[in-house]
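**Student:** Attaching a single structure in structure tokens format; questions to follow.
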Amino acid sequence: MNMSITMVRYSYKMTLVIFLLLFMATLCVTPLIGSTSINIANALSGGIHAQNNLDANILFQVRLPRILLGALAGAALSVAGAVFQALLRNDLAAPFTLGVSSGAALGAVLAIVLNLNISILGFPMVSLFSFLGALGAIFLVFSLVKTRHGEFPTSILLLAGVTANFFFAAMVMFLHYISDFGQSFRIIRWLMGGLDITDYQTVLSIAPMVFLGIGLLVYVGRDLNLISTGVHSATSRGVDVPRTQRIGFITASLITGIVVSITGPIGFVGLIVPHIARLFVGSDLRILIPVSMLFGASFLIICDTVARTIIAPTEIPVGIITAMLGGPFFVWLLKRKKQA
Amino acid sequence: MRPHLEVENLDFAYDSEPILKNISLSIEKGDFIGLIGPNGSGKSTLLKLMGGILNCPDNAIRINEHPINAINKKKLARAITWVPQEHPMVFPYTIQEIVLMGRHPYLPPLSFEGEEDYTIARKAMETTQTLQFSDRYFNEISGGEKQRVMLASAITQEPEVMLLDEPTSALDLKYQVQILNILNQLNEEKNITLILAMHDLNLASRYCRRLILLNDGAIVCDGTPEEVLKKEIIENVYGVNVSLHNLDGDILVHPITNHS
């Protein structure tokens, strides 16, 4: 026996600090980039509420809330993706796999077709309907699948999710078909997803829920690790599997629903960010969840910066960029990892 | 002496299909038990019930006189562990991470493994000869190595009872013997109670001190290998003609085929 061999202790804190620095750097640099160039000194001299300072207005009223919403959306979708992949033991799972986003889409499209243009508590009806749609989808899928012992058999859950997706998509298509041109444009625009319509109020009202959800998922991180290696062996290691599944599925679905109801479905982030994060830090969800959160936030902010500048002054929906940028980047990472 | 693990009048059914019928067992601390019987006889189900993986009827299974269905999951995991036959792994966990997962029932939420947990895991990996590849990924190693890693993870759990579902079925002869030798060592040195579901009657008779033969969800025979491995019993349960041989005190079961 070679006694010189020892186990490596992984530096969790160091990893977190590195990804936190990446996030901070993204947060500092991206507000300065945009279709209109701004004078930083002038913008900062005015402060957030300077009325007649154009630079400050662009920085604080236009770019910053949008960037913060991007951070929240990227964080929530990436964490939800990592958790769905672990719970379903399937690395193709994503926050939208179980029908959350198509439910949200149905709600939003319904509000658009019914011309509900009022706001309640600062939220437009489209967002509220969309969140109700997401909740409805979650409730429908999980109540269909739940067994007597309160467990969620993953194969049936996946099937129910796919079915729900098709069902809601058909309803969306139907509503789209009977809508007029104005509505049709709004529907298409919503379905593409984006961070363009936002203010601090929206960001502040969804942030606590998103952070609470992510915190709860980190709390059950070790239980999720064990479930991702198999539900039976997890039980034999002392994990309360039905309880962890309930917490995991419902929390991940809720933070997805909250974000999607504001931004529309932004694809690819929730699928790919956990994979990229896994290449750097491994599969341990205690570290993968916070890293996915920080990396997902940075990734979506960067994609959105590209989206609003690449053919400025026209802005592209960010979902197009996440897939066009994220796809090749992921393939490159995979290839590099293989060669190493 | 009070029994360590006790099964009393256990009936179990999936939906309405009865799997186990009126099973009663009394297991002493430090027993080394082979659970044998044809496919579908209920071996795996019995192990899962004893491990708390399937919900058992009230009070039907007790460890140290406590009904296992009433024990908190983490507390139960400190007493009993279960090792499945196969270990499909979707995500790239390292061997070290897999072994350390055995510490789960001892750790509070939000915590990472400490120095003591690493020491326990390191010892388990020395026992199972897996320390030399501790930083490799689980999916990259061979079947025999995987089984040893899962064994190391189970040892790291520091259980009183280990339940193993066909731990050697998928392995070649060398690894079969290696796994059983490690189990034997655990049984002798740490007095861990072992219950193994097994298909290989010869290995079962070679290593186990007690065999329990299940057929169609009921116990046919329970005793030493000499008492259980009898020509008429085996032929009756398995429906195959066999000849029995005694080699240095071990019983060898040999099927009689037409061409021999």
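**Student:** Suppose a student asked you for the relative contact order of the range A:137-286, using Cα pairs under 8 Å spaced at least 6 residues apart; what percent would you report? Mind showing how you got there, number by number?
**Tutor:** Details: 91 pairs, mean separation 43.4, N = 150.
Computed value for the range A:137-286: 29 percent relative contact order.
**Student:** For the range A:13-117, what's the radius of gyration and Dmax over Cα atoms, in angstrom?
**Tutor:** 19.2, 54
**Student:** If you add up the charges near B:Gly249, with Lys and Arg at +1 and Asp and Glu at -1, over every other residue whose beta carbon is less than 11 angstrom from its beta carbon, what do you get?
**Tutor:** Every neighbour counted, the sum reads -2.
**Student:** Further question: Expressed as a rounded percentage, what relative contact order does the range A:73-339 have, with Cα pairs under 8 Å and six or more residues apart?
**Tutor:** Taking the mean separation of contacting Cα pairs over the length of the range A:73-339, I get 31 percent.
**Student:** If you don't mind, there's one more thing I want to ask. For the range B:58-139, which GluC sites (Glu not before Pro) are both in a DSSP coil and crowded by at most 12 other Cβ atoms within 10 Å?
**Tutor:** B:Glu65
**Student:** Under unit Cβ charges (Lys, Arg +1; Asp, Glu -1), what dipole magnitude, rounded to 20 debye, does the range B:5-224 have relative to its Cα centre?
**Tutor:** In total the dipole reaches around 180 debye.
**Student:** Could I ask something else about it? With a bin width of 5 angstrom, please list the P(r) values of the range A:89-186 as percents of all Cα-Cα pairs, from the 0 bin to the one holding the largest distance.
**Tutor:** Taking all Cα pairs of the range A:89-186, the binned fractions are 3, 14, 20, 20, 16, 12, 8, 5, 2, 0 percent.
**Student:** Residue by residue, what Karplus-based ³J(HN,Hα) values in Hz, rounded to whole numbers, does the range A:287-294 have, using 6.51, -1.76 and 1.60 with θ = phi - 60° and x for Gly and Pro?
**Tutor:** After applying 6.51 cos²θ - 1.76 cosθ + 1.60, I find 9, 5, 5, x, 5, 4, 4, 5 Hz.
**Student:** In percent, what relative contact order does chain B have, based on Cα pairs under 8 Å that are 6 or more apart in sequence?
**Tutor:** Computed over chain B, the figure is 24 percent.
**Student:** Oh, and also: Ignoring everything except DSSP H segments at least 4 long, calculate the 222 nm mean residue ellipticity for the protein assembly as shown; use -39,500 (n - 2.57) per segment, divide by total residues, nearest 500.
**Tutor:** The helix contribution divided over the protein assembly as shown gives -17500 deg cm²/dmol.
**Student:** I've got another one for you. What net charge do the residues around A:Leu300 carry, taking every other residue with its C-beta under 15 Å from that of A:Leu300, with Lys and Arg at +1 and Asp and Glu at -1?
**Tutor:** 0
**Student:** Taking neighbour Cβ counts within 10 Å as the exposure measure, how do A:Ile311, A:Ile320 sort from fewest upward?
**Tutor:** Numbers: A:Ile311 10, A:Ile320 19.
Taking fewest neighbouring Cβ atoms as first place, the list is A:Ile311, A:Ile320.
**Student:** Most exposed first by the Cβ proxy, i.e. fewest other Cβ within 10 Å, how do A:His232, B:His254 rank? Provide the component values of the computation, followed by the final result.
**Tutor:** On the way: A:His232 16, B:His254 13.
Ascending Cβ contact count within 10 Å gives the list B:His254, A:His232.
**Student:** Taking every residue in B:50-56, how many Cβ atoms of other protein chains lie within 10 Å of its Cβ, on average?
**Tutor:** Shielding by partners across B:50-56 averages 3.
**Student:** Which lysines have a Cα lying under 28 Å from the Cα of B:Lys146, excluding residues fewer than 8 positions away in the same chain?
**Tutor:** Within reach: A:Lys335, A:Lys337, A:Lys338, B:Lys29, B:Lys43, B:Lys48, B:Lys73, B:Lys74, B:Lys75, B:Lys123, B:Lys174, B:Lys190.
**Student:** Can you tell me the convex hull volume per residue for the range B:5-224, based on C-alpha atoms, in Å³ to the nearest whole number?
**Tutor:** Numbers: hull volume 28.3 nm³, N = 220.
Measuring per residue, one finds 129 Å³ for the Cα hull of the range B:5-224.
**Student:** By counting other Cβ atoms within 10 Å of each Cβ, how are A:Leu212, A:Leu175, B:Leu107 ranked from fewest to most?
**Tutor:** Ordered from fewest to most neighbouring Cβ atoms within 10 Å, A:Leu212, A:Leu175, B:Leu107 come out as A:Leu212, B:Leu107, A:Leu175.
**Student:** Which residue, B:Tyr93, B:Gln129, B:Leu76, has the largest displacement toward the positive end of the dipole of the range B:5-224 when charges sit on each Cβ (Lys, Arg +1; Asp, Glu -1)?
**Tutor:** Of the candidates, B:Gln129 comes out farthest on the positive side.
**Student:** I've got another one for you. In units of 2.2 N^0.38 Å, what is the alpha-carbon radius of gyration of the protein assembly as shown?
**Tutor:** After normalising by residue count via 2.2 N^0.38 Å, the value is 1.16.
Every number here is computed from the coordinates shown, using simple stated rules; none is lab data. Keep in mind that what you see is a predicted model, and the values were worked out from it rather than measured. Heads up, the Cβs are rebuilt from the backbone with ideal geometry, glycines too, and the neighbour counts pull from every protein chain shown.
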